[in-house]
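Here's the structure we're looking at; comments come further down.
The values are calculated or read from the model by the stated rules, or taken from the named source; none is laboratory data. Here the structure is a predicted model, which is why all the values come from computation and not from measurement. Every residue, glycine as well, gets a Cβ built from its backbone with ideal geometry; the counts of neighbours run over all protein chains shown.
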Amino acid sequence: MLYIMRHGRTDWNLQYRLQGSVDIPLNEEGRRMAREAAENYRDIHLDICFVSPLSRARETAEIFLEGRNVPIVVDRRLREMSFGRYEGMDHIYQKPHLPIYKLFQDPEHYQPEEGAESFAELFARTGEFIREEAEPRLAKGQDILIIGHGAMNSAIVSQYRKKPLSEFWENDIENCKMIRLA
């Protein structure tokens, strides 16, 4: 089986700030969410957990898997999408005049500005992870968990479910919720 989960909450989540590749840590609520998720999903067998290198995802994995004999493997391809100069900006949904607005409201027409990542780049690296890490392990019958981020997770879900880019954000996963992909 293949499972995917989003990290616990951070202060920037609560402030509606765009995190992207900025390494924002979990807050106490995020840690509580990870502990609750550990309890809620304790009966799900896992052989390995792949995680983003960003601390909010790594700490979620450590809390979630505490006391379980499940290796945690950091993979850079699972980092969050880079939003360039808009990282740290708040309330993007209320700023239709900014180019980053299209990322969330009209993903098919999003054009990244300098320093930001494109959907093609995001899909290339997450697709490579799927082909090189997930698929071979699934073929051997292993149960895999990926703990990552909103856009990165949505890219993996989109690829597995063969969703068009126009439906990209319909794949968004709430903080510390786990879904089964395969």
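Across the range 82-134, the number of residues qualifying as of a type in the set (S, T, N, Q) and under 30 Å from Ala182 (Cβ atoms) comes to 4.
Restricting attention to the range 92-115, does a residue exist that is out of contact with any Phe, Trp or Tyr (no Cβ under 9 Å at 6 or more places or on another chain), within 15 Å of Met5 (Cβ to Cβ) and in a helix (DSSP H, G or I)? No: zero hits.
Quick check: is even one residue across the range 69-92 farther than 23 Å from Asn27 by Cα and polar (S, T, N, Q)? Yes: the range 69-92 contains one or more residues that are farther than 23 Å from Asn27 by Cα and polar (S, T, N, Q).
Just one of the numbered conditions (1) out of contact with any Gly (no Cβ under 8 Å at 6 or more places or on another chain); (2) in contact (Cβ under 8 Å) with a residue 12 or more places away in the chain is not true of Gln159: (1).
In the range 8-53, of all residues being outside any helix (DSSP H, G or I) and among the small types (Gly, Ala, Ser), the one that is farthest from Asp75 (Cα to Cα) corresponds to Gly8.
Here's a check for you: in the range 76-109, which residue that is of a type in the set (Ser, Thr, Tyr) and at pLDDT 95 or above is nearest to the chain's Cα centre (by Cα)? Out of the qualifying residues, it is Ser82. Looking at Tyr41, Tyr16, just one residue is surrounded by fewer than 17 Cβ atoms within 10 Å (Cβ to Cβ), closer than 23 Å to Tyr160 by Cβ and not charged (D, E, K, R), and that residue is Tyr41.
Is at least one residue of the range 54-75 part of a loop (DSSP other than H, G, I, E, B), hydroxyl-bearing (Ser, Thr, Tyr), in contact with a His (Cβ under 8 Å, 6 or more places away or on another chain) and at pLDDT 95 or above? Among the residues of the range 54-75, not one is part of a loop (DSSP other than H, G, I, E, B), hydroxyl-bearing (Ser, Thr, Tyr), in contact with a His (Cβ under 8 Å, 6 or more places away or on another chain) and at pLDDT 95 or above, which makes the answer no.
Being in contact with a Phe, Trp or Tyr (Cβ under 6 Å, 6 or more places away or on another chain), under 26 Å from Ile63 (Cα atoms), modelled with pLDDT of 95 or more and among the β-branched types (Val, Ile, Thr) holds for only one residue in Ile146, Ile179, Ile130, and it is Ile146. For the criterion of being of a type outside the set (S, T, N, Q), more than 14 Å from the chain's Cα centre (by Cα), under 23 Å from Phe83 (Cβ atoms) and loosely packed, with under 15 Cβ neighbours inside 10 Å, Glu167 passes. If you check Val51, Val22, which single one turns out to be touching a helix residue (DSSP H, G or I) at 6+ places or on another chain (Cβ under 7 Å) and β-branched (Val, Ile, Thr)? Exactly one residue qualifies, and that residue is Val51.
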